[in-house]
1. How about the stretch 139-149: which of its residues are crowded, with 18+ Cβ neighbours inside 10 Å and among the small types (Gly, Ala, Ser)?
2. Scan the stretch 60-93 for residues that are open to solvent by 40 Å² or more (accessible area, probe 1.4 Å), under 20 Å from the mean Cα position of the chain (by Cα) and under 26 Å from THR159 (Cβ atoms) and jot them down.
3. Return yes or no: is LYS58 in contact with a strand residue (DSSP E or B) (Cβ under 9 Å, 6 or more places away or on another chain) and at positive phi?
4. Identify all residues within the stretch 107-138 that are open to solvent by 70 Å² or more (accessible area, probe 1.4 Å) and either out of contact with any Phe, Trp or Tyr (no Cβ under 7 Å at 6 or more places or on another chain) or among the small types (Gly, Ala, Ser) (or both); write none if there are none.
5. In this structure, is SER103 open to solvent by less than 30 Å² (accessible area, probe 1.4 Å), among the hydroxyl-bearing types (Ser, Thr, Tyr), touching a residue at least 40 places away in the same chain (Cβ under 8 Å) and more than 17 Å from ASN16 (Cα to Cα)?
6. Take the residues of the stretch 1-20 that are in a loop (DSSP other than H, G, I, E, B) and hydrophobic (A, V, I, L, M, F, W, C): which is least open to solvent (accessible area, probe 1.4 Å)?
7. Within 23 Å of LEU29 (Cβ to Cβ) and out of contact with any Asp or Glu (no Cβ under 8 Å at 6 or more places or on another chain), is that true of GLY127?
8. Restricting attention to the stretch 21-36, and to residues there that are open to solvent by 10 Å² or more (accessible area, probe 1.4 Å) and among the hydrophobic types (A, V, I, L, M, F, W, C), which single residue is nearest to LYS67 (Cα to Cα)?
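The values are calculated or read from the model by the stated rules, or taken from the named source; none is laboratory data. Remember, predicted model here, so these are calculated numbers, not experimental data. So basically every Cβ, Gly included, is an ideal-geometry build from the backbone, and we count neighbours across all protein chains shown. Please note that ligands, DNA and RNA were not included when accessible areas were found on the heavy atoms of the full protein model with its side chains. Shrake-Rupley method; radii C 1.70, N 1.55, O 1.52, S 1.80 Å.
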Amino acid sequence: MTDSLSEKQLENYYRNEPEVTNKAIVAFLRDSRNPRMIVFGTKAVNAYLPSWLDKETKDWDIVSVEKAEEMAGKLERILDKRYGGDFFGVEPAIHPGTFRIRSKVTGVIVADISLKDRNIDFRRLKGVNYATLDWLENEAERLIANPEAKFRRSKDKDTLQRIRVHKRLKSQRRSSRGGSRYIDGSTIDTSMRGLR
């Protein structure tokens, strides 16, 4: 696959991957000329969580409102241009309507682009549309309950746990900002403090 690439091109690839890949994908997602696309999966979960709760992932799961194959081809060409050679390829995934962009150097999948087949609540963060954390939580619950998705159950349970840890900590911080509290959780009235 990489026979046409020089040693210098390969060195450049290894020195810059995955940083260049991620920057190119984010720029592609921010580009207003592309149809609306939404990131879901682990990259979306990581966008909401603190870094210590992040899960390592190399691929971006993206849904496109239209033309999934065309969008995958466009992203593949952008990645090739960034690296200066034919480093990536597009192939159909197992699921109909999904197209994978795979590195020809490492064989690693860097993105899956699917035709949007369901409603996904999303939020724009730093110029990129990410599925909302509530939607991601509901999706993980749905997949855990689906007997046909048994092969990915441990992955979805881990996602659900990380989301719930984050939500619990966020809720605790929110309630602690509500003022001082007694041990039973009731609020201390501080409205008369400092007055004599």
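1. Here is the first cut: in the stretch 139-149, the ones crowded, with 18+ Cβ neighbours inside 10 Å are 139-140, 143.
The answer is ALA140, and nothing else.
2. The answer is VAL65, and nothing else.
3. On the way: in contact with a strand residue (DSSP E or B) (Cβ under 9 Å, 6 or more places away or on another chain): yes; at positive phi: no.
So LYS58 fails the test.
4. As a first pass, look at the stretch 107-138 and keep what is open to solvent by 70 Å² or more (accessible area, probe 1.4 Å): 115, 117-119, 121-124, 126, 134, 138.
Listed by number, the residues that qualify are LEU115, ASP117, ARG118, ASN119, ARG124, LYS126, ASP134, ASN138.
5. On the way: open to solvent by less than 30 Å² (accessible area, probe 1.4 Å): yes; among the hydroxyl-bearing types (Ser, Thr, Tyr): yes; touching a residue at least 40 places away in the same chain (Cβ under 8 Å): yes; more than 17 Å from ASN16 (Cα to Cα): no.
Answer is no for this residue.
6. Taking the stretch 1-20 first, the residues in a loop (DSSP other than H, G, I, E, B) are 1-6, 17-18.
From the residues that got through so far, the ones that are hydrophobic (A, V, I, L, M, F, W, C) too are 1, 5.
Details: MET1: 164, LEU5: 18 Å².
That would be LEU5.
7. Numbers: within 23 Å of LEU29 (Cβ to Cβ): yes; out of contact with any Asp or Glu (no Cβ under 8 Å at 6 or more places or on another chain): yes.
Criteria met by GLY127.
8. Just the residues of the stretch 21-36 that are open to solvent by 10 Å² or more (accessible area, probe 1.4 Å), to begin with: 22-23, 26-27, 29-36.
Still in the running and among the hydrophobic types (A, V, I, L, M, F, W, C): 26-27, 29.
Working: VAL26: 19, ALA27: 18, LEU29: 14 Å.
Only one residue fits best here, namely LEU29.
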